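Visitor: Quick one: this structure, given as structure tokens, is what I'll be asking you about.
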């Protein structure tokens, strides 16, 4: 998976003693995307893109540079930059290249690597048409996009490591604008679905969903302010988890950026809460992390107890803990950590039963805004959802706020539904959430 | 960057494929990023972004393709990929799309006196260390400081089949310092992040130690702050980054990209009042050395100052080429993109409310009970519905015309069309602040700004 040119480049670095050890990470991406509007193609995008990161070690120091140009002069420039960065960097003995830990797996069969644009256009037009007719209140489609992408990652170094993986994903977005009548308030239900191929996405189901949501949102209300039981639907739950994932990363512990740093093996959540990261699971299975370490399943919280942080080799070495194979790289990022398939484990209640048992409260379906700090745990989001009265869904609630502290939320999780829904996977992972209820969060309203 | 011969061949071939317009965008960007954490250099990275984007426009339809492969064969393949996306069959007719390109107006001073690439890394690291030391010296509650230096030299070349050929070199730099104050059970943060369209001389205007101290001071204040209440109340939003409100609540809804898709609450509102009469606002790409300033936009149109609102009346949208064609308006030099990986779309540049006549002291004195939002965080908006929200990162209650205790965790929500009408006081002193705006064509550098202003009723979400 590593181009021959780059392997030769590594060999040259070694033989010319330009560095003690060197490593290249190679990224390539091909994508096609179609946006339609009012029954016609609106914007088409096709892309072919690659780049490399070069990391090298001189003694206990390391340096890094990147380039999207792979000609010899550009590689020489990247080498020069990386050597310069190594010269100013401090000794960092915990950051070392890794040897091969697992043989490269046979390249996975590619399903339809190159998807004709005409197929995406056909599906996008079908999706938009379905959205427009899904309910009489829908007067416009604000977004209708179908995307197919094929990405690959490869790593090789002077210790003999050579590995990589690919990911092919297709996804579709549909957002509609609906209102009861002209002049009344507009609502904006939307949905995103993904699959291995654009041909297997359930476009009919997507249109049906936005139609049902448009109908439910015609009667708009505001919640009363105060502390309430909040049920997080999967989309809102995923937003919350994604924002606070950094609190569980080894590098946050190393850098004193998480309140969980000294909480290993202590109770940090309700006893029935399991928070899991699974590199071997779906939807974003991958054989290795960005350092070539075979992936694994890790319990971050097990039975309410903080069991592990997520690590790469660096943070694991710094903290004397076990590497969890969560190393993450981008072309411009020499070292990072990211969850893979990161999710709150399901419970044993159906979605309906969970609502019934929730009593009076609010079902939050979406969170918006940027006010969430993994460092403090505090959050304050814009939200939309539905009122829940005696366990029954009621009126649609628009543009209110919910506020709280994530570490408190973990302790106050009461009910959890029995199915996890994941978001569209990226190259490195995905976040998933079931429905879950929290016994008290502050609701603000107009 | 690419030889003219190759570019001309691409344009000619694109015209034979039946497009009204063929546009080629070539980009070469050199970047560097240094991060200090725990008083040590945590990361030093840098390198080259390079690529070519080809756009074909046919009527109001656009197809875009990009690649890193700048060989003649690679570029022809990319052109064909773009052509495959057009819905009309290939024809031999050559048509020229007409576009009204305004004359170049006053241009900003944007040239660097001392290029960032000529400065040794040691000098850049020194900035980070000075901010780090100053932040930590403010008090023992400061347990962690992160300081970052960013530089970007972006070279672009835009050619199109109408004979346009424009180039620009954009040198930008930014300094970011975040301090974390901790007590036994909690952490709070404070951040300062100035940037400019300048070279190394920008750092002669910056007191990085003062930035570190201010970030630390905000973190320490928030450590002792109580939770913000929830409710509807008057909110005074301070100058500078408070302008993120106008950016989110109004700005995106004035981009023609949203107008032409009927996804803006301000569609069809040109010439009508959309704000209180004391409100005037502009989007200006021509400010000297400002973070969001450009000489040309990413379609080659000269930047300009665009009056958005004048005395409450909506005067102009921000338009890119396609938006201008569709709405029969002149382009405003607002076609922007993060990089060659995106087709350009109408975006903001330096967007701010103009000064008024009320001092901040008078605003506070005339407020019986409310919130003083001294510093804002980021936010988001749905242009189709006007609904927005944004975070207050340093807030104070106002009681009986005086600033009371600090509060944290407040988020302001509402609708753009309402907040503009509810501004009842506008301050005298304009402040601008730098940020990154994410939308359909990626992340672009922008200034937000305003004087202090008061919104007489706004929903504050906090902890009850």
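Visitor: Report whether or not residue A:243 is within 14 Å of chain B (Cβ to nearest Cβ), outside any loop (DSSP other than H, G, I, E, B), in contact with a strand residue (DSSP E or B) (Cβ under 7 Å, 6 or more places away or on another chain) and under 28 Å from residue A:385 (Cα atoms).
Guide: Numbers: within 14 Å of chain B (Cβ to nearest Cβ): yes; outside any loop (DSSP other than H, G, I, E, B): yes; in contact with a strand residue (DSSP E or B) (Cβ under 7 Å, 6 or more places away or on another chain): yes; under 28 Å from residue A:385 (Cα atoms): yes.
Against the criterion (within 14 Å of chain B (Cβ to nearest Cβ), outside any loop (DSSP other than H, G, I, E, B), in contact with a strand residue (DSSP E or B) (Cβ under 7 Å, 6 or more places away or on another chain) and under 28 Å from residue A:385 (Cα atoms)), residue A:243 qualifies.
Visitor: Which of the residues that make up the range B:412-445 are farther than 21 Å from residue A:370 by Cβ and crowded, with 20+ Cβ neighbours inside 10 Å?
Guide: B:420, B:423, B:425, B:426, B:427
Visitor: Let me ask you something else. What are the residues in the range A:294-313 that are surrounded by fewer than 22 Cβ atoms within 10 Å (Cβ to Cβ) and within 20 Å of residue A:25 (Cα to Cα), if any?
Guide: A:294, A:313
Visitor: Filter the range A:388-410 for residues that are assigned to a strand (DSSP E or B) and closer than 14 Å to residue A:354 by Cα; which is farthest from the other protein chains (Cβ to nearest Cβ)?
Guide: Quick first cut of the range A:388-410, residues assigned to a strand (DSSP E or B) only: A:388-389, A:392-405.
Those left that are additionally closer than 14 Å to residue A:354 by Cα: A:388-389, A:392-393.
Working: A:388: 18, A:389: 20, A:392: 24, A:393: 22 Å.
Of everything passing the filter in the range A:388-410, A:392 is farthest from the other protein chains (Cβ to nearest Cβ).
Visitor: Can you find even one residue in the range B:416-429 that is more than 14 Å from every other protein chain (Cβ to nearest Cβ), touching a residue at least 40 places away in the same chain (Cβ under 8 Å) and under 14 Å from residue B:252 (Cβ atoms)?
Guide: Checked against the condition, which is being more than 14 Å from every other protein chain (Cβ to nearest Cβ), touching a residue at least 40 places away in the same chain (Cβ under 8 Å) and under 14 Å from residue B:252 (Cβ atoms), the range B:416-429 yields at least one hit.
Visitor: Could you check the range B:323-362 and list, in sequence order, the residues that are surrounded by fewer than 24 Cβ atoms within 10 Å (Cβ to Cβ) and under 25 Å from residue B:391 (Cα atoms)?
Guide: Result: B:338, B:354, B:355, B:356, B:358, B:359, B:360, B:361, B:362.
Visitor: Mind checking whether some residue in the range A:226-235 is surrounded by 22 or more Cβ atoms within 10 Å (Cβ to Cβ) and part of a helix (DSSP H, G or I)?
Guide: Yes.
Visitor: Only one of (1) touching a strand residue (DSSP E or B) at 6+ places or on another chain (Cβ under 6 Å); (2) closer than 27 Å to residue A:310 by Cβ; (3) within 10 Å of another protein chain (Cβ to nearest Cβ) fails for residue A:335. Which number is that?
Guide: Single failed check for residue A:335: (1).
Visitor: Could you please give the count of residues in the range A:256-271 that are facing chain B (nearest Cβ under 10 Å) and out of contact with any helix residue (DSSP H, G or I) (no Cβ under 9 Å at 6 or more places or on another chain)? Show your work before the answer.
Guide: Going through the range A:256-271, the residues facing chain B (nearest Cβ under 10 Å) turn out to be A:256-259.
With the extra rule that they be out of contact with any helix residue (DSSP H, G or I) (no Cβ under 9 Å at 6 or more places or on another chain), the set shrinks to A:256.
Of the residues in the range A:256-271, 1 are facing chain B (nearest Cβ under 10 Å) and out of contact with any helix residue (DSSP H, G or I) (no Cβ under 9 Å at 6 or more places or on another chain).
Visitor: Restricting to the range A:335-360, name every residue that is assigned to a strand (DSSP E or B) and either crowded, with 24+ Cβ neighbours inside 10 Å or within 17 Å of the chain's Cα centre (by Cα) (or both).
Guide: The answer is A:336, A:337, A:341, A:342, A:343, A:344.
Visitor: Scan the range B:37-56 for residues that are more than 7 Å from chain A (Cβ to nearest Cβ), in contact with a helix residue (DSSP H, G or I) (Cβ under 8 Å, 6 or more places away or on another chain) and surrounded by fewer than 24 Cβ atoms within 10 Å (Cβ to Cβ) and jot them down.
Guide: Taking the range B:37-56 and keeping what is more than 7 Å from chain A (Cβ to nearest Cβ), we get B:39, B:42, B:52-56.
Filter once more, so that each one left must be in contact with a helix residue (DSSP H, G or I) (Cβ under 8 Å, 6 or more places away or on another chain): B:39, B:52, B:54-56.
Selection gives B:39 alone.
Visitor: On to the next question. Being within 14 Å of chain A (Cβ to nearest Cβ), touching a helix residue (DSSP H, G or I) at 6+ places or on another chain (Cβ under 9 Å) and free of Cβ contacts under 8 Å to residues at least 40 places away in the same chain: is that true of residue B:394 here?
Guide: Answer is no for this residue.
Visitor: Same structure, new question: Evaluate the range A:149-159: report whether one residue or more is touching a residue at least 12 places away in the same chain (Cβ under 8 Å), in a loop (DSSP other than H, G, I, E, B) and under 30 Å from residue A:13 (Cα atoms).
Guide: Yes, the conditions are met somewhere in the range A:149-159.
Visitor: What number of residues within the range A:71-80 are within 8 Å of chain B (Cβ to nearest Cβ) and either at pLDDT below 95 or surrounded by fewer than 22 Cβ atoms within 10 Å (Cβ to Cβ) (or both)?
Guide: 2
Visitor: Next up: Among the numbered criteria (1) at pLDDT 95 or above; (2) surrounded by fewer than 19 Cβ atoms within 10 Å (Cβ to Cβ); (3) within 24 Å of residue A:419 (Cα to Cα), which one does residue A:321 miss?
Guide: (3)
Visitor: In the range A:181-197, which residues are away from chain B (no Cβ under 14 Å) and either touching a residue at least 12 places away in the same chain (Cβ under 8 Å) or not in a loop (DSSP other than H, G, I, E, B) (or both)?
Guide: A:191, A:192, A:193, A:194, A:195, A:196, A:197 - these are the residues of the range A:181-197 that are away from chain B (no Cβ under 14 Å) and either touching a residue at least 12 places away in the same chain (Cβ under 8 Å) or not in a loop (DSSP other than H, G, I, E, B) (or both).
Visitor: Restricting to the range A:134-181, give me the number of residues that are in contact with a helix residue (DSSP H, G or I) (Cβ under 9 Å, 6 or more places away or on another chain) and closer than 28 Å to residue A:289 by Cα.
Guide: 10
Visitor: I need the full set of residues from the range B:1-34 which are touching a helix residue (DSSP H, G or I) at 6+ places or on another chain (Cβ under 8 Å), part of a strand (DSSP E or B) and either within 11 Å of chain A (Cβ to nearest Cβ) or more than 14 Å from residue B:160 (Cα to Cα) (or both), in order please.
Guide: B:30, B:32, B:34
The values are calculated or read from the model by the stated rules, or taken from the named source; none is laboratory data. Predicted, not measured: the structure shown is a model, and the values here were computed from it. All Cβ positions, even for glycine, are placed from backbone atoms using ideal geometry, and neighbour counts span all protein chains on display.
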